[in-house]
Amino acid sequence: MVAKNANFTIAVYPGDGIGIEIMAETRRVLAAAQAAVGGFALELTPYACGAGYYQESGEEISDASFEAGRNADAILLGAIGLPSVRKPDGTEISPHLRMRQEFGLYAGVRPVKLYPNVKTPLADARARNIDLIILRESTEGLFASVGKGEVIDDREARETLVITRSVTERLTDQAIGLARGRKAAGNGKGLVTCVDKANVFAAYAFFRKVFNERMDKASDLARAHAYVDAAALDLVRKPWEFDVMVMENMFGDILSDLAAGLVGGMGMAPCAEIGDEHGLFQPAHGTAPDIAGMGIANPSAMIVSAAMMLNWLAEKHDAPALADAGRGIERALEIGFANGSVRPYDLGGDTGTAAIADAVMAALPEALGA
């Protein structure tokens, strides 16, 4: 669909803790990219939600703020929740989980990339080539049971895992599209790996069956299968051999954090949650209340998530200027790591939150001219 104009409404939820700081700096980067590229305009409107809002109001998010996300062209979300703030059932504040369900955000896209001068715990020189995507189904699997689990007579607890054909088909199609795009761009192998536990559970055997049916229609790509325990092993042994990995919700939740540990930690873990109509973009890390307000949080994951938002909007609305800006931001961050102007505290450096945004903006002219 071609956009009638290049003006886009973005619902912004800064959230809690360092979410507020990294969102502010990301907004500065977005404004700089918009000014440098031109041809589009972003209307970013902030809305309250999260643990702080829950303490004030008794609710995770207001109905009006929730609907603003539904009606926006895209959602930009900071970190949500505080460990000390819980609902009566003991669970954390998580309005984004409701957004996943109601907005149909079934495809959690989690890039895993090792940037220049970022240390990895892997000694093998090939680890410098880590560049893969973990595609996490985000509405079903074990998370389909959120709010529905039961504790029976204080003697046992039950949760139910759900996998449906319709979502698994669309999830696999997303994986196919990602693999084709990465291959065309020269940074992918054209390989899609299905991660499951099909040797034990019927639900995962069904997931694999549907995956194979969709992959049968993608003869231009290679496919592989891995049980989740073996996939965890190989992510540590040889992560450079993966390209796009697709998996159920809980497996994706765990393996994406493992993979982040190979490329610098959660501060380097961006995320896009995509549906057929809506897109939500956020860093995969938490709120880090112990460093909130100190100006030392690493905004890299938030910045890359915002770039992913621009890339998604560009594809959805046939707006090339947005794609230029998205790629420019990603490239500018990479330049910052390469030239040493981006050295986050969580990676052993001394570049603060605002200074990292400054470095990315300073590198934008070079990034856009490349």
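The values are calculated or read from the model by the stated rules, or taken from the named source; none is laboratory data. The model shown is predicted, which means the values in this text are computed figures rather than measured ones. Glycine gets a Cβ as well: all are built from the backbone with ideal geometry, and neighbour counts include every protein chain shown.
Check whether at least one residue in region 74-93 is within 24 Å of the chain's Cα centre (by Cα), under 19 Å from Ala354 (Cα atoms) and outside any loop (DSSP other than H, G, I, E, B), and report yes or no.
Yes, there is a match, as at least one residue in region 74-93 is within 24 Å of the chain's Cα centre (by Cα), under 19 Å from Ala354 (Cα atoms) and outside any loop (DSSP other than H, G, I, E, B).
Mind checking which residues of region 19-33 are of a type outside the set (A, V, I, L, M, F, W, C), farther than 12 Å from Ala355 by Cα and surrounded by fewer than 23 Cβ atoms within 10 Å (Cβ to Cβ)?
Across region 19-33, the qualifying residue is only Arg27.
Assuming Ala325 fulfils every condition listed in (1) surrounded by fewer than 20 Cβ atoms within 10 Å (Cβ to Cβ); (2) touching a residue at least 60 places away in the same chain (Cβ under 8 Å); (3) among the small types (Gly, Ala, Ser); (4) part of a helix (DSSP H, G or I) apart from one, which condition is it?
Just one mismatch for Ala325, condition (1).
Among the residues of region 268-301, how many are under 19 Å from Gly50 (Cβ atoms) and part of a helix (DSSP H, G or I)?
So the answer is 1.
Sort out which residues of region 309-320 are in a helix (DSSP H, G or I), touching a helix residue (DSSP H, G or I) at 6+ places or on another chain (Cβ under 7 Å) and buried (at least 18 other Cβ atoms within 10 Å of the Cβ), and write them in order of number.
Scanning region 309-320 gives Leu310, Asn311, Leu313, Ala314.
Among the residues of region 230-242, is there at least one that is small (Gly, Ala, Ser), closer than 15 Å to Leu171 by Cβ and not assigned by TED's automatic domain parsing to the domain that holds Val304?
no
Only one of these is crowded, with 21+ Cβ neighbours inside 10 Å and under 16 Å from the mean Cα position of the chain (by Cα): Met250, Met268. Name it.
Met268
Would you check which residues across region 103-140 are in contact with a Gly (Cβ under 9 Å, 6 or more places away or on another chain) and either assigned to a helix (DSSP H, G or I) or among the polar types (S, T, N, Q) (or both) and list them?
Asn117, Thr120, Ser138, Thr139
Which residues, counting only those in region 163-203, are within 21 Å of Val228 (Cα to Cα) and among the small types (Gly, Ala, Ser)?
If the condition is that a residue be within 21 Å of Val228 (Cα to Cα) and among the small types (Gly, Ala, Ser), then Ala175, Ala179, Gly190, Ala198, Ala202, Ala203 are the ones that fit.
A quick yes/no check of all residues on (1) more than 20 Å from Ala185 (Cβ to Cβ); (2) of a type in the set (A, V, I, L, M):
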position: Glu315; (1), (2): no, no
position: Ala319; (1), (2): no, yes
position: Ala323; (1), (2): no, yes
position: Gly328; (1), (2): no, no
position: Leu333; (1), (2): no, yes
position: Gly340; (1), (2): yes, no
position: Gly349; (1), (2): yes, no
position: Pro365; (1), (2): yes, no
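May I ask you to list the residues in region 328-358 that are in contact (Cβ under 8 Å) with a residue 24 or more places away in the chain, in contact with a strand residue (DSSP E or B) (Cβ under 8 Å, 6 or more places away or on another chain) and surrounded by fewer than 22 Cβ atoms within 10 Å (Cβ to Cβ)?
Once the filter is applied, which keeps residues that are in contact (Cβ under 8 Å) with a residue 24 or more places away in the chain, in contact with a strand residue (DSSP E or B) (Cβ under 8 Å, 6 or more places away or on another chain) and surrounded by fewer than 22 Cβ atoms within 10 Å (Cβ to Cβ), region 328-358 yields Arg343, Tyr345.
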